[in-house]
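First the structure, in the form of structure tokens, and then the observations on it.
The values are calculated or read from the model by the stated rules, or taken from the named source; none is laboratory data. All values derive from a computational prediction rather than experimental measurement. Methodologically, a virtual Cβ is constructed for each residue, glycine included, from the backbone with ideal geometry; neighbour enumeration extends over all protein chains shown. For the accessible areas, the whole protein counts, side chains as well, though only heavy atoms, and no ligand, DNA or RNA atoms are used. Shrake-Rupley method; radii C 1.70, N 1.55, O 1.52, S 1.80 Å.
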Amino acid sequence: MQLIPDDIRAELLLNGAITARGIAHDPLPVVKLFTPDANATWLLTELDPADPHIAFGLCDLGLGCPELGYVSISELESLRGSLGLPVERDLYFKADKPLSYYTIIATAKGRIQT
């Protein structure tokens with residue numbers, strides 16, 4: 001399975017283009033990625049149009065301190081959890097709130113909750 005299929009990539013790039021133009025926005029997360037054999041989760045909202053291998057979103061490595069930041073898609077594709085399983089895309093995730101909401105809840109709980 002492709003980690004970031006073309007339709008999702010297009011939506012992430014659109015959000016990235018809005019950010020690159022300096023327009024303030026608080027988009028819904030477009031995709032949720034996770035490690036099935038660890039506690040890491042990523043809610044991504046955009047790809048950098050100047051470097052589409054770099055995504056932005058809420059990142060939770062399972063250490064109790066989720067934060068907003070940038071992540072390399074190629075690093076996620078090569079990442080393996082404790083049992084050797086790759087990062088997966090949550091096929092059933094559909095955001096219903098903006099990234100700021102998920103960030104507030106994750107900060108309070110110490111992990112991303114969807």
Seminar exercise, completed: Taking first residues from segment 84-108 that are under 16 Å from PHE56 (Cα atoms) and second residues anywhere that are aliphatic (A, V, I, L, M) and exposed (fewer than 12 other Cβ atoms within 10 Å of the Cβ), the pairs with Cβ under 8 Å that are 6 or more apart or on different chains are ARG89/MET1
For this session: Kindly indicate whether any position in segment 76-87 is within 14 Å of the chain's Cα centre (by Cα), assigned to a helix (DSSP H, G or I) and under 20 Å from MET1 (Cβ atoms).
Result: yes
Exercise. What are the residue pairs meeting all of these: first residue in segment 5-31, first residue closer than 21 Å to THR103 by Cα, second residue in a loop (DSSP other than H, G, I, E, B) and of a type in the set (Phe, Trp, Tyr), Cβ atoms under 9 Å, and 6 or more apart or on different chains?
Worked result: PRO29/PHE93; VAL31/PHE93
Exercise. On the given criteria, is ALA55 closer than 14 Å to LEU12 by Cα, in contact with a Pro (Cβ under 7 Å, 6 or more places away or on another chain) and surrounded by 12 or more Cβ atoms within 10 Å (Cβ to Cβ)?
Worked result: no
Exercise. Of the residues LEU68, LEU28, which is surrounded by 14 or more Cβ atoms within 10 Å (Cβ to Cβ) and not in a loop (DSSP other than H, G, I, E, B)?
Worked result: LEU68
Problem set entry | Members of segment 31-67 found to be touching a strand residue (DSSP E or B) at 6+ places or on another chain (Cβ under 6 Å) and among the aliphatic types (A, V, I, L, M), listed by number | VAL31, LEU33, LEU43, LEU44, LEU47, ILE54, ALA55, LEU58
Problem set entry | Where PRO49 falls short, out of the listed (1) touching a Gly at 6+ places or on another chain (Cβ under 7 Å); (2) free of Cβ contacts under 8 Å to residues at least 24 places away in the same chain; (3) not aliphatic (A, V, I, L, M) | (2)
For this session: Starting from residues that are polar (S, T, N, Q) and farther than 14 Å from GLY69 by Cβ, keep the ones in segment 31-49 and report whichever is surrounded by the most Cβ atoms within 10 Å (Cβ to Cβ).
Result: THR35
Seminar exercise, completed: Scanning segment 1-25 for residues that are charged (D, E, K, R), within 15 Å of GLY57 (Cβ to Cβ) and open to solvent by 70 Å² or more (accessible area, probe 1.4 Å) gives GLU11
